[in-house]
Amino acid sequence: MAGGPRATKGRGEGMDSTLRRDIEELHEASFAWALACCAWRREEAEDVLQTAYLKVLDGRARFDGRATVKTWLFAVIRNTAADRRRRSWLTTLGIERLWQRRVELPTTAPAASHEGDPERRRRVREALAALAARQREVLDLVFFHDLTIEEAARVMGVSLGSARVHYERGKKRLAERLA
């Protein structure tokens, strides 16, 4: 998955076959990450993932090789989910037309195991839900999607130091809640 830079072609020209293959191989993990970004609302996650893929296909999101394909794609998905939440909030406030005038900026997991005790899974989900959003996000990326803390920081758009703090605090609080 890692490897040298593979830049996408211009808008409407598609992407190179290696990048396409990498994205296809990441589909299951990408959907799991979209679910996490959408508070486990399946229909919303499907829409977010489809929109993220469209951004990649039409050139609004371009892989520049500064990160792994997985890190880059997860950031595109996270930003797409955030855009969707923001639009939903703005629609609720009745000011979506103002938001639509903004310039569109380019945005830059194996799925969690379904094995084991259902009661334990429920407790872990509840404990994760009780964490602060950034703590939950960094733990999800590191433990369920096999990213490093540095890669998680890139996906989240925060500094490495900030990601490390959220990671350590999240692990501590999660352990306390599960004890």
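A short reminder: the numbers here are calculations on the coordinates, not readings from a lab. As the structure is a computational prediction, the values presented were derived from the model and not from experiment. Methodologically, a virtual Cβ is constructed for each residue, glycine included, from the backbone with ideal geometry; neighbour enumeration extends over all protein chains shown.
Debye sum, Cα scatterers, segment 113-179, no solvent: what log₁₀ I/I(0) at q = 0.11, 0.27, 0.28 1/Å?
-0.25, -1.15, -1.19
Using the beta-carbon distance between K172 and R20 and R0 = 30 Å, what value does 1/(1 + (r/R0)^6) give for FRET efficiency, to the nearest 0.05?
With R0 = 30 Å, the Cβ-Cβ based efficiency is 0.15.
If neighbour count is taken as other Cβ atoms inside 10 Å, put F74, F63, F143 in order from fewest to most.
If I rank by nearby Cβ atoms, fewest first, I get F143, F63, F74.
Name the aspartates and glutamates eligible as straight-distance cross-link partners of K55: C-alpha to C-alpha under 17 Å, and not fewer than 8 places from it in the same chain.
E13, D16, D22, E24, E44, E46, D47, D64, D83, E104
If neighbour count is taken as other Cβ atoms inside 10 Å, put I149, I77 in order from fewest to most.
Listing I149, I77 from fewest to most nearby Cβ atoms yields I149, I77.
Order by neighbour count: W40, W33, W72, fewest other Cβ atoms within 10 Å first, most last.
With the fewest neighbours first, W40, W33, W72 line up as W40, W72, W33.
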